[in-house]
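*Asks:* One structure, pasted below without further comment.
Nothing in this text is a laboratory measurement; each read-out follows from the coordinates by a stated rule. On a predicted model such as this, the values are computed, not experimentally measured, just so you know. Reconstructed Cβ throughout: ideal geometry from the backbone, glycine too, with neighbour counts over all protein chains shown.
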Amino acid sequence: MKSAPLRRPLSDSEIEVSIRGLSVSYQTSTGLYDAIHDLSLAIHRGSITAIIGESGSGKSTLAMAMLNSVTFPGQIRMGAIDYADVGDITGLSAESLRRFRGEHAAMVFQASQDTLNPLKRVGAQLLDMARSHGHRDRKAILREGSLLAERMSLPASRVMAAYQHELSGGMRQRVSMIFALALKPRVVLLDEPTTALDVLSQSHVLQIVRAIHEERHLTTVLITHDMGVVAELSDRVVVMYAGRIMEDAPSQDLLRAPRHPYAKALIRAIPRLTGPLDRAQALPGAPLELRQIPVVGCVFRDRCTLRQSICDEVTPVLREVVPGHRTACHLEVES
Amino acid sequence: MIEVVDLTRTFRGAGGLFAQSDVRALRKVSLKVERGAALGLIGESGCGKTTLGRIVCGLETFDGGDLLIDNQSVKTLGDRARRKAFRKVQLIHQDPYSALNPTRDIAHALIDPLRIQAGLTRRDQAWVKRRAMELLSLVGLDPQETLYKFPHQLSGGQRQRVVIARALTVEPEALIADEAVSMIDVSLRLGVLHLLATLRRELNLAIVLITHDVAAARYVAHDGELAVIYKGEIVEQGKTDQIISRPVHPYTQALLSAVPVLRGLEVEGPDRYIPEPEVQDQGLEPVGCLFSTRCVFADEHCRGHHPDLSKWGDGDRLMACFKPQERRVVAVAVDATRQA
């Protein structure tokens with residue numbers, strides 16, 4: 001089952017990905033805006049780390065940055081992203097980067113149906129991908145694909161011969177996981193892997209993700225807006241808002257005792273099956289747009305019920321409140 | 001207000017890889033929703049719940065049974081009368097991103113249908129503008145701020161509120177919300193669900209929430225009913241809180257078990273079981289219970305005979321299972337277990 005939450009500082013040998021001082025900005029007609037602002041995060045080898053946030057929180061941008069795939073008008077403005085045994089990927093050449101993506105770190109995209117070629121059978125696309133990464137052994141790659149398909153309870157031979165429109169949503173999601181895993185990467189990024197799925201398919205996909213994570217000793221990063229998915233799958237959760245980390249804690253700790261008002265509000269807003277109806281409260285307001293993000297002070301203050309003058313004037317620093325649990329709130333530190 | 005009786009709809013098979021035979025989207029479904037009532041239609045993708053919603057709004061035809069709006073069979077109505085009847089039933093789509101024209105501002109999205117409505121009810125143009133503002137405040141948006149925005153300037157939750165406001169322009173008596181919150185951030189869903197519950201109360205609207213998310217249905221229909229649909233058939237139906245706390249059909253139990261447990265806040269329900277993964281449809285029409293191919297409790301009898309919807313317990317509860325048994329599969333809040 002789940003590994004115990006890590007409560008001590010990580011040594012370098014346990015860190016698979018280290019993000020330091022990362023800023024990703026978008027150039028718009030009215031100026032340059034940070035979608036990710038001075039973000040630092042160390043991801044533990046073998047962990048499942050969830051990154052949770054609303055639309056526009058920068059979580060998908062962070063995932064793209066982790067593969068150095070941010071596209072124009074976005075750019076990695078500052079910072080470094082170190083992978084163990086690879087180094088800083090922001091300095092890789094185009095060809096090394098192409099090899100790195102897929103062989104070392106791979107991503108499963110949200111709208112997986114859009115990532116499959118509608119005119120090619122799944123097996124042929126798998127071969128294309130393998131060839132572009134220098135694999136000559138066609139049989140081996142098809143065997144690996146079929147193995148993964150069976151692992152995901154898909155009928156291997158039929159899926160390999162299928163076009164994407166012949167597959168259901170849950171099946172397509174699993175097929176795109178086959179693509180991500182076929183080249184045996186060490187790090188897998190999943191961007192909203194279950195958002196388009198209904199509850200039974202979701203539960204099935206989450207089971208598969210956890211099983212494969214353990215079998216292949218992966219380091220998994222999960223991007224989601226759904227706290228249920230976090231609770232079901234991840235060891236640790238990073239709460240993002242307006243491109244910054246608000247809170248970072250072992251998942252069960254965060255659910256039991258969230259510290260940041262934003263994390264509290266996110267948890268309170270989950271529709272629940274039991275308990276009093278008024279226990280769940282809608283999160284007021286809407287997420288910030290890029291150009292509305294304040295430069296000074298707490299970015300969450302407009303939606304925060306505890307707002308004080310210090311929140312307008314001083315930017316809160318992300319600091320450790322108990323070992324392994326970081327939060328960025330003035331009021332938390334004072335209380 | 002809306003009643004369907006033995007409603008049947010079969011789609012002629014398209015040649016997909018796994019579904020080459022005809023698809024029986026609805027098999028003799030009977031349901032009734034009164035004004036001011038709420039009904040949650042629960043089921044997976046492909047169970048027919050969307051087809052049912054579209055039939056009730058007049059966007060889809062049916063080939064068996066009957067649909068009654070205000071006690072009148074739509075089959076007996078002429079074109080004009082049928083249009084008028086269906087105007088009372090408005091659909092809220094799943095995707096607020098594609099339901100609004102991206103090149104037109106919110107004012108236009110509301111004013112076009114309001115003009116038609118003004119023509120029908122002999123009201124003037126000043127009313128149109130006033131009504132647009134009224135509707136926006138009714139759905140919890142700031143009219144001044146929202147009216148001249150374009151859809152891309154709004155969040156998913158705000159967009160869905162605009163879609164709801166637009167549905168209200170024709171003064172409907174029922175709203176059919178088809179997965180109305182599934183594409184919205186979890187953090188903003190509750191706001192939209194609360195809005196539907198408020199509209200139901202204040203405008204005496206009937207609300208049908210079509211969803212795979214039982215928790216969402218609970219916030220709109222907590223004092224209403226749930227109907228669980230599997231492969232076009234109702235398998236369990238009853239009061240919302242009863243279905244959630246004491247489901248008897250294994251399919252309902254599977255759906256509820258699959259809802260993630262918020263570990264730290266909740267513990268697993270005592271009888272929770274992880275459902276069987278989806279089975280590939282062999283294209284053959286099973287003789288027995290439709291769920292028997294996936295059901296962990298099914299035996300030979302279940303595979304050979306088809307269970308009919310019948311009464312369970314006291315009250316208005318219905319279920320279709322040969323081996324009904326109450327199971328508590330829903331997660332329990334940690335503070336509730338401490339009190340016990």
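*Asks:* Looking at chain A as a GNM with Cα springs under 10 Å, which of A:166, A:95, A:144 has the largest mean-square fluctuation?
*Replies:* Answer for the Gaussian network model of chain A: A:95.
*Asks:* Counting other Cβ atoms within 10 Å, keep those with at most 15, restrict to DSSP loop, and tell me which trypsin sites (Lys or Arg not before Pro) in region B:102-136 are left.
*Replies:* Numbers: sites: B:104, B:115, B:122, B:123, B:129, B:130, B:131; in loops: B:104, B:122, B:123.
Here the sparse-neighbourhood loop sites are B:104, B:122, B:123.
*Asks:* Could you give the nm distance between label points at residue A:120 and residue B:116, where each point is 7 Å from its Cα heading toward the beta carbon?
*Replies:* The answer from the label model is 4.5 nm.
*Asks:* Would you mind getting me the FRET efficiency between residue A:94 and residue B:223? Use the beta-carbon distance for r and R0 = 56 Å, nearest 0.05.
*Replies:* Values: r = 60 Å, r/R0 = 1.08.
Computed FRET efficiency for residue A:94 and residue B:223 comes out at 0.40.
*Asks:* Could you list log10 I(q)/I(0) for the protein assembly as shown at q = 0.12 Å⁻¹, which the Debye formula gives when each Cα is one point scatterer?
*Replies:* Results for the protein assembly as shown at q = 0.12 Å⁻¹ read -1.45.
*Asks:* Please order A:28, B:10 by the number of other Cβ within 10 Å, starting at the fewest.
*Replies:* Numbers: A:28 11, B:10 15.
Fewest-to-most Cβ neighbours within 10 Å comes out as A:28, B:10.
*Asks:* While we're here: For region A:237-264 and region B:191-253, what is the centre-to-centre distance using only Cα atoms, to the nearest Å?
*Replies:* Taking the Cα centre of region B:191-253 as reference, the centre of region A:237-264 is 31 Å away.
*Asks:* To make sure I understand, if each residue's beta carbon is the centre and we count other beta carbons within 10 Å, what order do B:230, A:26 fall in, fewest to most? Kindly include the intermediate steps, with their values, before the conclusion.
*Replies:* Numbers: B:230 23, A:26 18.
With the sparsest Cβ surroundings first, the list reads A:26, B:230.
*Asks:* Right, here's the next one. What do you get for Rg/Rh of chain B when both radii come from the Cα atoms and Rh is the Kirkwood radius?
*Replies:* On the way: Rg = 21.3 Å, Rh = 21.4 Å.
Rg divided by Rh gives 0.99.
*Asks:* Using only Cα atoms, figure out Rg for region A:188-335 and give it as a multiple of 2.2 N^0.38 Å. If you can, show how the numbers build up before the last one.
*Replies:* Working: Rg = 16.6 Å, N = 148, 2.2 N^0.38 = 14.7 Å.
It is 1.13.
*Asks:* Fully extended, how many nm does the chain gain between residue A:281 and residue A:132 (0.36 nm per residue separation, minus their Cα-Cα distance)?
*Replies:* On the way: separation 149, 0.36 × 149 = 53.64 nm, distance 4.98 nm.
Extra length from residue A:281 to residue A:132 when fully extended: 48.7 nm.
*Asks:* Between A:215, A:232, A:14, which gets the highest mean-square fluctuation from a Gaussian network model of chain A, Cα cutoff 10 Å?
*Replies:* Taking springs between Cα atoms under 10 Å, the residue moving most is A:215.
*Asks:* GNM, chain B, Cα, under 10 Å: largest mean-square fluctuation among B:304, B:46, B:156?
*Replies:* The residue with the greatest mean-square fluctuation here is B:304.
*Asks:* Suppose every K and R has +1 on its Cβ and every D and E has -1 on its Cβ; what is the size of the dipole of the protein assembly as shown about the Cα centre, in Debye to the nearest 20?
*Replies:* Details: 83 positive and 79 negative charges, 178 e Å.
That gives a dipole near 860 debye.
*Asks:* Cα centroids of region B:292-318 and region A:55-75: how far apart, whole angstrom?
*Replies:* 50
*Asks:* Out of A:213, A:28, A:199, whose Cα points farthest toward the positive end of the dipole of the protein assembly as shown (charges: +1 Lys, Arg; -1 Asp, Glu; placed on Cβ)?
*Replies:* A:28
*Asks:* In percent, how large is the relative contact order of chain B, given Cα pairs closer than 8 Å and 6 or more residues apart?
*Replies:* Working: 646 pairs, mean separation 64.9, N = 340.
Value for chain B: 19 percent.
*Asks:* What size of dipole, in debye to the nearest 20, comes out for region B:47-171 about its Cα centre when the only charges are +1 on Lys and Arg C-beta atoms and -1 on Asp and Glu C-beta atoms? Each step should come with its number before you reach the end.
*Replies:* Values: 20 positive and 13 negative charges, 66 e Å.
Roughly 320 debye, rounded to the nearest 20.
*Asks:* What angle do you read, to the nearest 10 degrees and between 0 and 90, between the alpha-carbon axis of helix B:125-138 and the longest principal axis of chain B?
*Replies:* Around 40 degrees separate the two axes.
*Asks:* Please compute the alpha carbon radius of gyration of region B:93-178, then divide it by the globular-protein estimate 2.2 N^0.38 Å. Two decimals is fine.
*Replies:* Working: Rg = 12.2 Å, N = 86, 2.2 N^0.38 = 12.0 Å.
Cα-based Rg divided by the globular estimate yields 1.02.
*Asks:* State the extension gain, in nm to one decimal, for the chain segment bounded by residue B:71 and residue B:150, taking 0.36 nm per residue of separation less the distance between their alpha-carbons.
*Replies:* Answer, rounded to one decimal: 24.4 nm.
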